[in-house]
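Everything below concerns the one structure shown next.
All of the numbers you see were taken from the coordinates with simple rules; none came from a lab. These numbers come from a predicted model, not from an experiment. When we count neighbours, we look across all protein chains shown, and the Cβ atoms used for this are built from the backbone with ideal geometry, even at glycine.
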Amino acid sequence: MKFIKLESRGGNYLVVASNVAWLRTAENGQTNVGIVGGQPLLVVGSIEEVAEKILAGLAGGDESAASAPAAPPPAVAQAPAPAPAQPALEQQAAPVAAAPEPEPEPQGEAEPEPAAPRPTPPARPRVASARSASMWERPAAAAQNLKIKAGSQRMMGRLD
């Protein structure tokens, strides 16, 4: 695990190099670094400069991990040597095992089968209305029950 230092206008970020998910340059020239499981970081520098820092951090982490297991484990050195009769059996079995079995393709998580749709309840029966014509087919009629005082402004001029 190798930390890299990314500069920002507000401060500096210490980021694990292997946790960098993506790099992006916005239309205004700002460089964003995406972190696995985190928010994007706005950093200073071009995308090439930031990529060099990340790649240098990844390469530095791999070198230390690769140089550590240089010495063979002692358990391997103490293993008994195989008898000479066993290699002959291995040579006979080799043609049979020469054709490698095709590896089964890794299956992702099985998608759950969709549940059966709920049965729709039957539609309620509607009462037949006394008026069969729709509103736009009916002729416009004056209101029948006007309850207005005779002295109101609406009635001015009607009684004259």
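For the stretch 10-50, the strands (runs of 3 or more DSSP E) that sit wholly inside it and include 2 or more residues that are within 19 Å of the chain's Cα centre (by Cα) are 20-25, 31-35. Number of residues in the stretch 1-33 that are hydrophobic (A, V, I, L, M, F, W, C), touching a residue at least 40 places away in the same chain (Cβ under 8 Å) and surrounded by fewer than 16 Cβ atoms within 10 Å (Cβ to Cβ): the value is 2.
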